[in-house]
Amino acid sequence: MLRRFKIFALIYFAATWAGLCSAQDLRVPGSASAGAETTVSTTGSGKATFYLVGPGASRKSDVTLGEDIHLSAQDMQTAGRYLAILCADTCHSSAFYVSAGKPASLSFIVHPSRVPVALNDAVSGVAFPFDQYRNLVLTPVNVNFQLTAKDTSLFSRAVRTQNGIAWFRTTSGKSAGPVRITASLDDLTAQRALQQVASDPCNLRITGQRTKIGILVQTEPVHDCAGNVLPDGTIVTFTATGQDGKDTVDAPIKQGIARAQMDSAGATTISAASGVVMGNEIRVGAQP
Amino acid sequence: MKYAVPIILVAVTVGLMVLGLFVTTQAGVPVGVTKGSALHTAKATTPQQAIDNLLLDVQRRNWDRAFAAVSSSSGITEQAFIQDWTGSDGSLRSFSSLEGYESRPLHATNDEAQMRVHLNFSTPVGPLEDVRDIHFIREGDVWKAVWPKVQVASVPAEVIPVTFLRWDLVTGSAGDEWGARNIDAPHVRIISMNAVDSGSGAVVMGEVTNEDTVPAFVTVNATLVDGNGNPIDEESSFDKISHILLPKQVSPYRIDFPNLHLKNVKSVRMDEKATLVPASADPVIGVMNQRIETDPQGKSVLHGDLLNQGGQTVNIPHVIASFYDSNGKVVWVSDGYVDRALLPKSSQPFAVEIPKNLSSEVHSFHVVVNQYSLNKS
């Protein structure tokens with residue numbers, strides 16, 4: 001066993017010594033930026049073959065040992081780990097990292113696109129800074145998030161990126177309408193729109209009166225609990241129960257009010273509901 | 001001697017044939033249920049032959065001969081009679097054909113008879129059954145049907161101002177910046193679910209609502225899972241749901257699992273899917289005079305009238321009803337297509353059946369109307 005180990009150690013040291021004796025070596029840049037030219041220096045003499053393997057490019061070229069190898073901007077566009085290999089009698093390799101350049105664009109996504117008013121932690125946004133070659137900028141930078149509704153600032157916060165990501169989460173505002181959300185980084189800006197919509201109806205109240213052709217029943221202007229008018233098209237279900245049976249009409253809100261015509265002739269009890277919200281109940285007497 | 005037996009057999013056969021032609025039962029009608037596979041006879045000397053002749057000609061769309069079997073005292077025109085069978089205005093009846101029938105006498109005298117006919121139509125939405133009581137009278141030695149006058153909804157020429165609400169959908173293009181024009185799917189929620197065993201298998205039903213402020217196209221799927229967590233079967237609500245839900249609208253849904261029973265099921269996984277669609281809030285359809293009654297066959301049936309309060313024709317109205325027990329739990333969901341078009345400002349009756357074993361449990365109900373119009377996609 002000891003004899004085998006001695007043979008293995010002898011071969012290892014011999015190989016290492018032979019590599020050093022050839023005197024070929026390469027020195028990679030300590031830091032490099034995406035899209036910036038750089039050089040790899042070599043030592044020794046004679047001809048060699050140089051290989052560059054990176055996340056976005058690979059290259060092979062014949063070089064002269066002892067001269068610098070020029071890496072063009074095109075070779076270095078993609079950020080990540082690169083491996084430089086120099087082969088003469090033997091091969092030597094060295095790895096180096098290319099980091100993203102200065103932020104040149106900001107990708108910004110906001111969720112959701114519609115949100116009921118006054119909902120806790122309902123709005124979130126994520127921003128990603130990229131350099132001009134679409135490399136994610138991992139160096140921490142400050143991104144400013146701002147929510148504005150009708151020139152009124154609802155929320156403003158500066159967030160430092162972590163691993164290239166900055167994000168926020170906030171409660172939706174109290175007024176229905178469009179909200180502009182801005183993410184800015186230096187002179188870069190990305191804007192998104194968010195629609196704040198009315199929440200469930202609050203105090204759904206109806207009135208009714210008998211007409212020549214039946215009962216005209218309508219809601220008072222339908223609001224949510226924050227006072228926002230429910231959007232047109234929201235369905236209000238009217239139910240009339242009388243001696244003849246039950247009548248139901250799904251009527252859409254138009255200009256804040258839902259109306260329905262019920263044709264019950266006898267004494268009738270009418271109620272209303274919108275989604276899971278119930279309204280009041282009214283009684284209308286029989287047709288005289 | 002060797003010819004005696006054949007001669008006797010032939011004589012008896014001929015005798016019976018003659019007897020069959022001239023002798024009828026006391027009421028002049030056959031007793032029992034007759035299915036629609038009879039032969040056309042030249043002369044309807046019994047009410048049964050009259051109904052067979054009439055319906056065979058209707059099946060063959062031989063309208064002149066079919067109308068000849070209708071008594072002139074009916075006061076109906078041939079055009080109206082044909083329209084009664086073929087439908088109009090793009091209704092479901094206009095896409096259907098009479099597949100078969102089953103008739104049985106209700107009562108009969110020497111001069112008049114009442115027959116109940118179960119008509120089976122084949123339609124694009126599946127088989128449809130219609131039950132009619134037809135009155136027959138004897139005119140000379142021929143029985144003829146007294147066809148009731150068809151009440152065709154007459155819509156007066158008028159201008160109906162429609163300020164209807166409509167949602168259009170503008171989608172982004174591939175060239176848009178990432179995240180710039182995303183529109184979320186509508187938010188829908190299942191608000192109730194109940195799983196029961198029915199005669200034909202397991203049924204999952206309940207109600208779903210659109211909680212959003214935009215219209216949604218909704219589909220509800222259910223997966224039955226066994227004790228080991230493995231899916232047994234997956235089905236969707238198919239047409240047992242009002243797919244397009246306007247904001248805050250509620251629809252019943254029913255998902256059928258034929259030939260499966262809940263004893264093998266550990267849990268049910270529900271999955272509602274909603275996509276944003278263009279939609280219109282018009283026409284508004286009122287569901288009037290809803291009442292549960294027992295029909296002549298002893299079945300519990302929810303009857304009512306659909307009233308089109310808008311100015312557009314609804315070609316194929318579809319009624320979906322959810323039935324609740326006294327605790328407000330959905331115990332059954334039924335649906336039915338109306339085979340007549342719902343013209344503007346007019347009404348059409350509908351009926352949906354409640355299973356016999358559940359009729360005593362039903363405390364209240366809710367009806368929604370699905371509408372298919374030919375001029376809409």
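Just a few scattered comments:
- The mean of 1/r over all pairs of different alpha-carbon atoms in segment A:149-259, once inverted, gives a Kirkwood hydrodynamic radius of 17.7 Å.
- In plain terms, chain B is cut at each of the trypsin sites (Lys or Arg not before Pro) found in a DSSP loop with at most 15 other Cβ atoms within 10 Å, and the longest leftover piece is B:62-148.
- Spatial offset of segment A:232-288 relative to segment B:314-377 amounts to 18 Å, using the alpha carbon center of each.
- Fraction of antiparallel bridges per DSSP, the protein assembly as shown only, in percent to nearest 5: 95 percent
- Here the simple spin-label model places points 7 Å from the Cα toward Cβ, and for residue A:211 and residue A:87 these points are separated by 9.0 nm.
- Just so you know, the Rg over Rh for segment A:108-167 is 1.03, from Cα atoms, with Rh as the Kirkwood radius.
- Taking Cα atoms only, the orientation of helix A:2-22 departs from the longest principal axis of chain A by about 90 degrees.
- Computed over chain B, Kirkwood Rh from alpha-carbon pairs, angstrom: 24.5 Å
- For a straight C-alpha distance cut-off of 22 angstrom, the lysines reachable from residue B:144 (same-chain residues fewer than eight places away being disregarded) are B:35, B:43.
- Cross-link reach list, lysines versus residue A:60, counting only Cα pairs under 16 Å and skipping chain neighbours closer than eight places: A:47
- Alpha-carbon geometry of chain A: the Rg and the Dmax are 36.3, 120 Å, given in that order.
- Separation of the residue B:158 and residue A:31 label points, Cα + 7 Å toward Cβ, nm: 8.1 nm
- Under DSSP loop assignment and at most 16 Cβ neighbours within 10 Å, longest chymotrypsin sites (Phe, Trp or Tyr not before Pro)-free interval of chain B: B:4-163
- Basic side chains Lys and Arg get +1 at the Cβ, acidic Asp and Glu get -1 at the Cβ, and with that the dipole of the protein assembly as shown about its Cα centre reaches some 1120 debye.
- Rule-of-thumb Rg ratio for segment A:36-99 [Cα; 2.2 N^0.38 Å; N residues]: 1.06
- Per residue, the convex hull spanned by the Cα atoms of segment B:253-377 measures out at 159 cubic angstrom.
- Put a plus charge on the Cβ of each Lys and Arg, a minus charge on the Cβ of each Asp and Glu, and nothing anywhere else: the dipole of segment B:157-293 about its Cα centre is then about 300 debye.
- Cα-centred dipole magnitude for segment B:273-340, charges only on beta-carbon of K, R (+1) and D, E (-1), debye, nearest 20: 160 debye
- Residue pairs, from the table B:240/B:345; B:263/B:299; A:246/B:329, whose Cα atoms sit over 21 Å apart: B:240/B:345; B:263/B:299
- Taking one quarter of the surface of the C-alpha convex hull of segment B:288-332 gives a mean projected area of 4.7 nm².
- Convex hull of Cα atoms in the protein assembly as shown, direction-averaged projection (nm²): 57.9 nm²
Values quoted throughout were computed directly from the atomic coordinates according to the rules given, and no laboratory measurement underlies them. Everything numeric in this text was worked out from a predicted model, so none of it was measured. Every residue, glycine among them, receives a Cβ derived from its backbone with ideal geometry; neighbour counts consider all protein chains shown.
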